[in-house]
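A short reminder: the numbers here are calculations on the coordinates, not readings from a lab. These figures come from a predicted structure and were not determined experimentally. Cβ placement follows ideal geometry from the backbone for every residue including glycine, while neighbour counts extend to all protein chains displayed.
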Amino acid sequence: MRHCLLTFLIWSFFLISNSYGQNPPMSKKAKELFDKAQKAWQDRQLNEAVILYEKVLQTEPKNAESHLRLAQIYDLLRRPELSKYHYKNLIAIQPQAAQSASAYQWLGKFYSQSEKYDSALVYYQKSFELFPAKSNLSRLAEKSVIATKFAQNAIKNPLPIKKRSLGDTINFLDAQYFPVLTADGETLIFTGLTDKKEENIYITHRQNKGWDVPEEISQAINTSNNEGTCSVSADGRTLVFTACNRQDGYGSCDLYITKKEGKDWSAPVNMGEGINSREWDSQPSLSADGHKLYFASDRKGGQGKRDIWVSQLNDKGVWVEPKNLGPVINTGDDENAPFIHANGRTLFYASNGLPGMGGLDIFMAQRIDTVWSEPKNLGYPINTFSEQVGLFIASDGKIAYYSDDKSDTGRSRSLLYSFDLPDELQKMIVPARYAKGKIVDKKTGAPLSSDIDLFDLKTQQKVGEFNSDKTTGSFLAVLNKGSEYAFYVSKDGYLFKSLSFSVSDSASSVDLQIPLEPIEKNKAEVLNNIFFKTGEYTLDEKSKVELDKMVDFLRRNKTIKIEISGHTDDVGSDKENLELSKRRAQSVKEYIQKNEIAPERLISIGFGETKPVAANDSEANRQRNRRIEWKIE
């Protein structure tokens, strides 16, 4: 892309220049050869043009335009050493000519690609001096100078990166790229380019000794057209991908969504005119819960060329009008390949409009409330002079996955790699943990499709909405580091289930196997998120989330009556514990009644320490015994 752009700029510059400086008069024979060479050049007969221009230089070695044309042709033929030779001859003949600016620019690019940044800077600065002031070419040269100075410093302070190939099992095609993983790191999905030049989406699962053999993700998703650059929700059950030039498309490339139930993916659906425009919409990144979608687009209303946009799934299940991430993230140039980390606040994306190594570099920004921090270049050698896109960071913030080009026996291949994220970058990423498990009918063991709400008990805010797979009952919910959580599972015809847990730094996941009780007489559950101060019966503010869930359950099940019972451990006297348990149960009953639940539907009772569920021989067991239960009457 950058090579073609630069060549186009060079051609454009010379077209408007009419002639390349003042060449010395040529002999008649050389002039005839030159005219034939020009004709071959205009007819794009490149090999013939090379022969003729070289013959001109045999008799007229200082003919600037012949050196120019040969440099351009050899660039098109991908013979950079010969291009370099003729561009250097060109600037030696006319070092101060305005038209030599593009030769200096090309040489700067050549030395940047070789990571010879001192030399590159000399050439870029010279091109900047010669291009017309405030022109697009001058702006390009200025960007190149800034990038080279950045690269000079970055390469002197490299990050300790040791990339590892994902192996021949994964890298079975000439090109595989844009890797994404589920939050548990057990499933890898990526885009592959087949021998027939068709893009397809592939999936593989982690085994004891590595990755399983990749397979096409689904015949419902892959077609004879191109499908790729996908994103998957943390639980691996919602996939958004890019497809181009389809009959139901709105623009050149559109975003499509599909959902997994059991082992099967639904037929993909175009995400609609709200998400897709008449322009290019691609490179999606779903938030962990599948409720936010970041993507790249060159639609109108952006900051420049391609920008990063975001849309939110509203309460009605509709994707709202996308919003541009604004001038902190987007520039007047290209931003693409967004990746929102599982923590929901760290954004990685590629940009060539911010100071970097010279092409598309990967940057990181943090969302603080509704504001994005200043983007940070990830540094060398994550970023190099070549284009970097498609970085994925595991949910724990420790391992990165990406694609990189490799020359293998003369073949250029795009292979998938991973590397351990350096400590200085790990410290900037809040790791995400996850709760994983299965929801079943307690009586039959059958898997259940259930709604799951996740609340942060410290803030009493809902931080996630999920559901379990109706075929398997399995679920995966992403958690934030170090938080206390209330976890609610609800399904029509069943008692709602509440759990309380926290995630420590040392634990990457929580395993939750959750049986639901059918609504039947004498079936009971514990309210795990009811809190009192020691020896008191006044409800803590953190209890409100749980109590509101209880109220909602009773409103949806209008004929049900419940018994609310209080229980204590064995610390203190029997009499005191009995009284405390009664008062705590009564406090719960009063809260529910205040929310328009008829008092005749509620009974409160205290059992003190008489019905322990565990031996009172440890603090953990005593905490289990201090509880509020509710039972169907």
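Calculated on the alpha-carbon coordinates, the convex hull of the range 546-625 measures out at 93 cubic angstrom per residue. Modelled this way, with points 7 Å down the Cα-to-C-beta line, the labels at K62 and E273 are 6.7 nm from one another.
Taking the fewest neighbouring Cβ atoms within 10 Å as the starting point, the ordered list for V328, V56, V50 is V328, V50, V56.
By the beta-carbon count within 10 Å of each Cβ, the least crowded to most crowded order of E65, E590, E321, fewest first, is E321, E590, E65. By the Cα gyration tensor, the chain has an equivalent ellipsoid whose semi-axes, rounded to whole angstrom, run 66, 23, 21 from largest to smallest. If you rank F363, F178, F501 by fewest surrounding Cβ atoms within 10 Å, what's the result? Fewest to most other Cβ atoms nearby, the residues stand as F501, F363, F178. Across the range 284-299, computed HN-Hα scalar couplings (Karplus, 6.51 cos²θ - 1.76 cosθ + 1.60, θ = phi - 60°) run x, 9, 8, 5, 4, 8, x, 9, 10, 10, 9, 7, 9, 7, 10, 5 Hz from first to last residue, x flagging Gly and Pro. Could you state, as a whole-number percent, how many of the C-alpha pairs of the range 2-156 are farther apart than 22 Å? So the portion of pairs separated by more than 22 Å is 40 percent. Highest average first, the peptides 433-440, 219-226, 311-318 ordered by how many other beta carbon atoms sit within 10 Å of their residues are 433-440, 219-226, 311-318. Enter the angle in degrees (range 0 to 90, nearest 10) between the Cα long axis of helix 136-156 and the first principal axis of the Cα atoms of the chain, meaning the one along which they spread out most. That works out to roughly 60 degrees. Over all other residues within a Cβ to Cβ distance under 10 Å of G473, the charged ones net out to 0, with Lys and Arg as +1 and Asp and Glu as -1.
Once you divide the Cα radius of gyration of the range 126-249 by 2.2 N^0.38 Å, the number left is 1.52.
So what is the relative contact order of the chain, in percent, for Cα pairs below 8 Å that sit 6 or more residues apart? With pairs under 8 Å counted, the relative contact order is 8 percent. Placing unit charges on the Cβ atoms only, positive for Lys and Arg and negative for Asp and Glu, gives the chain a dipole magnitude near 1200 debye about its Cα centre. Along the range 619-626 the Karplus relation, 6.51 cos²θ - 1.76 cosθ + 1.60 evaluated at θ = phi - 60°, assigns HN-Hα couplings of 5, 4, 5, 5, 5, 5, 6, 7 Hz to successive residues, with x for each Gly and Pro. What the phi angles of the range 38-53 give under the Karplus curve with 6.51, -1.76 and 1.60, with θ = phi - 60°, is a coupling list of 4, 5, 5, 4, 5, 8, 6, 8, 5, 5, 5, 4, 4, 4, 5, 5 Hz, glycine and proline written as x. Relative to the current alpha-carbon distance between K523 and E321, full extension at 0.36 nm per residue lengthens the span by 68.2 nm.
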